[in-house]
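In what follows, a single structure is set out as C-alpha cells and then discussed.
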Amino acid sequence: MEPLPQGPKRSIVFLLVPNFSMIAFATAIEPLRIANRTVGREVYRWRLASPDGESVTASNGVTVSVSTSVEEERRALLSEKRPSMVFACSGIFVEDFHDKSAFSYLREAHQRGISVGGLCTGAFILASAGILSGRRCAIHWENLASFSEAFPQADVYADLFEIDHNIYTCAGGTASLDMMLALIREDQGDDVVNRVCEQALTDRVRGAHDRQRLPLRARLGVQHVKVLRAIEVMEANLSDPLSLSELADHVGLSRRQVERLFEKEMGRSPARYYLEIRLDRARHLLLQSQLPIVDIAIACGFVSASHFSKCYRELYSRSPHQERAFRAAATAA
C-alpha cells in the first residue's frame, strides 16, 4: 500500500496592508512556490488576507486581491484552518497604520503559539501589536531611526533578518528571500535550498547578519581609510555631535588634516558633512514618526528647534513643518 500523501509543512497567512512592499512580498512567497515544485508536493501553503478582506494596493500601485479578512482569520485560529505562521507585510507610511483589529489578531495568534513575522517595515506592526517588547527584530535601514524612537523596548538591528524564537522579521527587499531560505533550510535541508537558489538565479544565501546597505566605500565612492573612519564615527554620534578636535582624535589626525581630507574627498568641510547627515536622519524622523519637532531636533544633536528649522530650510528649501505637511498630502493622495 502506498503511503498517504503528507500535508503541508507550514500554512502561512500573509496579511497585506496598504502601501505594502511588492518586492518584499514577492521574494517571500516565490521561494515557497519553488520549494513546493522542487520537493514535488505542497510542503508550503499560503493565503492572502487584508484588514477588511478587500484588495490591497502596494506602494508600486499594483492592486492585489486577497481571499480573507482579519475577522475571518481570527475565527480561523479556532478551526482546522488555523495557520502555523502569520506575516504582516507593509512598506511606506506604515506608521499611519492603526488597525486595532489587525493588532489584536496578531497578538492573539502569537499568544496561541503561532509564529508571527514582519516583512519590510512589518516590525512596526508587530511592535504596535505589543509583540516585540524585549525581542530581537530587523527593519529596513531607512526606518531604523524612527522605529527605535517609537519602540525603545524592542531590540532592533540593522540586519537582513532576525529570528527570535517564533518571531520572524526582515528588512524587506530581497532580505525576504534570505529569511525564507533560512526557513526552508530548517524544514527541508540544504539540498532543497540549493535547488531553490538555482531556480531563482541567486548565487548565494546571505546570512541574517549580513549588512543591509552597501559599505561606505561603495556607497560614497570614497577610498581614503581615514575619511571613511571619520564618517563612521559621525554616524555613530548623531544625537551628541563630536567637536572637530574629538573627531580628529578618533581617527588619529590633526584638525587641519581632517579638514583638508574632507575638502579633497567630499568637497566640503567635515562640519558641513556632519550637519548634512544629522539633517538626513532628522528628515527620516519627520517623515516616518509622529515625534514633536523639538524632540527630533534634540535626537539629531541640535540645541534648539529654531536652529534646527533654520538649518533644515537651508538644506531642503522647506521647513520641518512644511516637510510634514508635504508628506501628509502625499499620503492622502
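The values are calculated or read from the model by the stated rules, or taken from the named source; none is laboratory data. Everything numeric here is computed off the predicted structure, so don't read it as measured data. Cβ placement follows ideal geometry from the backbone for every residue including glycine, while neighbour counts extend to all protein chains displayed. Ligands, DNA and RNA are excluded from the accessible area calculation, which covers all protein heavy atoms including side chains. Shrake-Rupley method; radii C 1.70, N 1.55, O 1.52, S 1.80 Å.
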Kindly give the semi-axes, whole Å and largest first, of the ellipsoid equivalent to the range 147-303, taking each as the square root of 5 times a Cα gyration tensor eigenvalue.
37, 22, 12
C-alpha long axis of helix 305-316 to longest principal axis of the chain, angle in °
80
Across the range 64-158, what fraction of all alpha-carbon pairs, as a whole percent, falls in each successive 10 Å bin from zero upward?
16, 50, 27, 7, 0
Counting DSSP beta bridges in the range 111-213, what percent are antiparallel, to the nearest 5?
45
Isotropically averaged projected area of the range 136-199, using the convex hull of Cα atoms (one quarter of hull area), nm²
4.6
Go ahead and run the numbers for FRET between S245 and S319, Cβ-Cβ distance against an R0 of 41 Å, rounding to 0.05.
0.80
Quick check on the chain: what does the Kirkwood estimate of hydrodynamic radius come out to from the alpha carbon pairs, in Å?
21.8
At 1.306 mPa s and 10 °C, plugging the Kirkwood radius over alpha-carbon pairs of the range 254-333 into Stokes-Einstein gives what diffusion coefficient in µm²/s?
116
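Can you order the peptides 150-156, 172-178, 139-145, 37-43 by their average number of other Cβ atoms within 10 Å per residue, highest first?
The densest-packed peptide leads the list: 172-178, 139-145, 150-156, 37-43.
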How far apart, in nm, are two points set 7 Å out from the Cα along the Cα-to-Cβ line at K310 and at V222?
2.6
Let me see the P(r) profile for the range 104-151: every Cα-Cα distance counted, bins of 10 Å, each bin given as a percent of all pairs.
27, 57, 16, 0
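Tally Lys/Arg at +1 and Asp/Glu at -1 over every other residue whose Cβ is under 13 Å from the Cβ of W46; what's the total?
Residues close to W46 contribute a combined charge of +3.
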Where a Cα-Cα gap under 22 Å defines reach, which lysines qualify for K264, not counting those fewer than 8 residues away within the same chain?
K226
With all protein chains present, how much of the accessible area of the range 1-96 (probe radius 1.4 Å) comes from carbon and sulfur, to the nearest whole percent?
51
Packing-wise, with mean Cβ within 10 Å as the measure, how do 307-316, 74-83 rank, highest first?
307-316, 74-83
Aspartates and glutamates whose Cα lies under 18 Å from that of K310, excluding same-chain neighbours fewer than 8 positions away:
E276, D280, D295, E323
To the nearest 10 square angstrom, what accessible area does H224 show with a 1.4 Å probe?
60
So if I place +1 on the C-beta of Lys and Arg and -1 on the C-beta of Asp and Glu, and nothing else carries charge, what would the dipole magnitude of the chain be about its Cα centre? I want it in debye, nearest 20.
540
I'd like the trypsin sites (Lys or Arg not before Pro) in the range 219-307 restricted to DSSP loop residues with at most 15 other Cβ atoms within 10 Å, sorted by number.
R268
Placing +1 on each Lys and Arg Cβ and -1 on each Asp and Glu Cβ in the chain, then taking the dipole about the Cα centre, the residue among L286, S11, I92 whose Cα reaches farthest towards the positive end is L286
D99: accessible area at probe 1.4 Å, nearest 10 Å²?
40
Out of the DSSP beta bridges found with both residues in the chain, what percent are antiparallel (nearest 5)?
25
